[in-house]
Amino acid sequence: MISIAICEDEKIYRDKLKEFLEKFLEQKKYNVEEFENGESFLERFEKDESYRENLDIVLLDIQMDGINGMDVARKIREWNKKLQIIFITAVPDFLADGYEVKAFRYLLKPIGYEDFCKHFGKCLEEIDENKESSIVINDLNTGKTVVVPTESILFVETYGRNLLIHTEKNVYRVYESIGSMEEELDSEMFFRIHRGYIVNISRIESIKGRTAIVAGNEVMISRDKTKELKERVMDYIEKVMK
């Protein structure tokens, strides 16, 4: 079941998006809820943990009365780093701000079905890919075997003879070399930016000098990796925008 939210203050566009969803997802099971402003969406999103954790995609208008879509997206990222966000806007002025909240897809009004299919289809592909990818580890902190979805991994760092795997909710400690972990992770999504760190490129919020900000954490970048990291980040952005 695909869980979708439409947050748009113009009814004509809420109805159009529902029409597009019905047509595009005619062979799939899905649930869609609509919200006419950012406040009503955030009230539901922040208070209902089950809804928050299971929501897959939000179609989010940027220019709304009250709290705007960009501020809604910032609130979303405080709770959920993997939720797919597709912005809806009448003007392209806000496109550059999308990287801050990991939202690279935009539907420009008036919304056409072909453009909708392109961006929504890519979101579904990413959701499917993320659900399929995981690693199995033995967590030394608990002594348990844990299946860790790779999409949830923020970064990996060396810790003595062990590794710390930082995820959205937990930090796992494993007995493994960083070289071995580097081989195990998808090289398109993960990059070793320092002899002691591997980062999830999709979770990098910004790069400041020789420091990568990953979900609020400062991760050191080797001098000889800085240029390549910036190139990898740009390649990632271009890929998700296609």
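The values are calculated or read from the model by the stated rules, or taken from the named source; none is laboratory data. Because the structure is a prediction, the values reported are computed rather than measured. Virtual Cβ from ideal backbone geometry, glycine too; neighbours counted across all protein chains shown.
I'd like to verify a number: residues in region 201-222 that are within 14 Å of the chain's Cα centre (by Cα) and within 13 Å of F191 (Cβ to Cβ), how many?
5
Select from region 102-121 the residues that are under 24 Å from A215 (Cα atoms) and either more than 13 Å from the chain's Cα centre (by Cα) or at pLDDT 90 or above (or both) and list them in ascending order. If the condition is that a residue be under 24 Å from A215 (Cα atoms) and either more than 13 Å from the chain's Cα centre (by Cα) or at pLDDT 90 or above (or both), then Y106 is the only one that fits. Scanning region 126-164 for residues that are part of a strand (DSSP E or B) and either under 16 Å from the mean Cα position of the chain (by Cα) or small (G, A, S) (or both) returns S134, P149, I153, L154, F155.
Conditions tested, residue by residue: (1) among the aliphatic types (A, V, I, L, M); (2) out of contact with any helix residue (DSSP H, G or I) (no Cβ under 7 Å at 6 or more places or on another chain).
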| position | (1), (2) |
| --- | --- |
| D9 | no, yes |
| F24 | no, no |
| S40 | no, yes |
| E53 | no, yes |
| D56 | no, no |
| L60 | yes, no |
| D65 | no, yes |
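Among the residues of region 1-45 satisfying the criterion of being closer than 18 Å to K118 by Cβ and among the charged types (D, E, K, R), which is surrounded by the fewest Cβ atoms within 10 Å (Cβ to Cβ)? Selected residue: E26.
Counting only strands (runs of 3 or more DSSP E) that sit wholly inside region 30-101, those with at least 2 residues that are at pLDDT 90 or above, of a type outside the set (F, W, Y) and within 18 Å of the chain's Cα centre (by Cα) are 57-61, 84-89.
Is it true that I207 is closer than 30 Å to C117 by Cβ and β-branched (V, I, T)? Judged against the criteria, I207 is not a match. If the condition is being over 14 Å from C7 (Cβ atoms) and touching a residue at least 12 places away in the same chain (Cβ under 8 Å), then region 57-79 contributes R77, W79. Only one entry in I207, I237 is at pLDDT below 90, β-branched (V, I, T), more than 19 Å from V148 (Cβ to Cβ) and surrounded by 13 or more Cβ atoms within 10 Å (Cβ to Cβ), namely I237. Would you confirm whether or not region 191-200 contains a residue that is closer than 30 Å to S3 by Cβ and exposed (fewer than 13 other Cβ atoms within 10 Å of the Cβ)? No, because not a single residue in region 191-200 is closer than 30 Å to S3 by Cβ and exposed (fewer than 13 other Cβ atoms within 10 Å of the Cβ).
With in contact (Cβ under 8 Å) with a residue 60 or more places away in the chain and farther than 23 Å from L124 by Cα as the only criterion, which of N217, N170, N141, N162 stands out? Give the derivation first.
On the way: N170 fails: in contact (Cβ under 8 Å) with a residue 60 or more places away in the chain; N141 fails: in contact (Cβ under 8 Å) with a residue 60 or more places away in the chain; N162 fails: in contact (Cβ under 8 Å) with a residue 60 or more places away in the chain.
The match here is N217.
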